[in-house]
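Nothing in this text is a laboratory measurement; each read-out follows from the coordinates by a stated rule. What you see is a predicted model, and the numbers here were worked out from it, not measured in a lab. Here the Cβ is made from the backbone with ideal geometry for all residues, glycine too, and neighbour counts use every protein chain on show.
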Amino acid sequence: MVPSPASSGPSALDAGSASEVCPGCGAVLASLPDSAPTHPGASASCARLFEVTVRGLRDEAQADPSTAPLIRLADATYDAQHPVAADPGRLDAALDRLAEGLGTRPAVADAAPRVWRATIADAAADLDVIDLRVLVESWARVVQEDWRA
């Protein structure tokens, strides 16, 4: 069964506000005017927030190869939260990579969670008080648990 996005319908931007709801994870974020999504299944603002949040890890990977598994875990987690109905194989691959990064069994993608307990927006909001490595690992575990629920 192909999962449906966690939320659907018009974005908050359509209602005349300056925010939008990500069709994948459901995060409500400030909209980026004249921007197209850069990640399948995600809003432009959500994809940009993810990019900015993990940029430090990607930059660090040049000097510290031990960062690579954490980057793969972040990418897998983000992909698992932003399924594309037309590409169920992409989701299955993300769930496999997520489980591999956590050292667990993969979740089965029967239907996308109706509500996510944590998104990249939650991780980004805590960056000033919690180490990004800890945030990514915690977010990944919650996403995998949400898929299993």
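Comparing SER43, SER138, SER31 in a Gaussian network model of the chain (Cα springs below 10 Å), the most mobile by mean-square fluctuation is SER138.
The overall shape of the chain, judged from the alpha-carbon gyration tensor, is oblate: a/c is not under 1.5, and a/b is no greater than b/c. Once the Cα-Cα distance is subtracted from the 0.36 nm per residue extended length, the ASP122 to ILE71 segment shows a gain of 16.6 nm. Each Lys or Arg adds one and each Asp or Glu subtracts one; over the other residues with Cβ under 15 Å from the Cβ of THR38, this totals -2.
Note on the chain: GNM, Cα springs under 10 Å; of ALA30, ALA63, ALA80, the largest mean-square fluctuation is that of ALA63. A helix-only calculation puts the chain at -15000 deg cm²/dmol for mean residue ellipticity at 222 nm, using -39500 (n - 2.57) for each DSSP H run of at least four residues, averaged over all residues. In this calculation the C-beta distance from ALA85 to ASP34 is compared with R0 = 35 Å, giving a FRET efficiency of 0.85.
The GLU60 and ARG148 beta-carbon pair, evaluated with R₀ = 22 Å, returns a calculated FRET efficiency of approximately 0.10. Residue ranges 88-95, 101-108 sort as 88-95, 101-108 when ordered by packing (mean number of other C-beta atoms within 10 Å per residue, highest first). Counting Lys and Arg as +1 and Asp and Glu as -1 over every other residue whose Cβ lies under 14 Å from the Cβ of ASP110, the net charge comes to 0.
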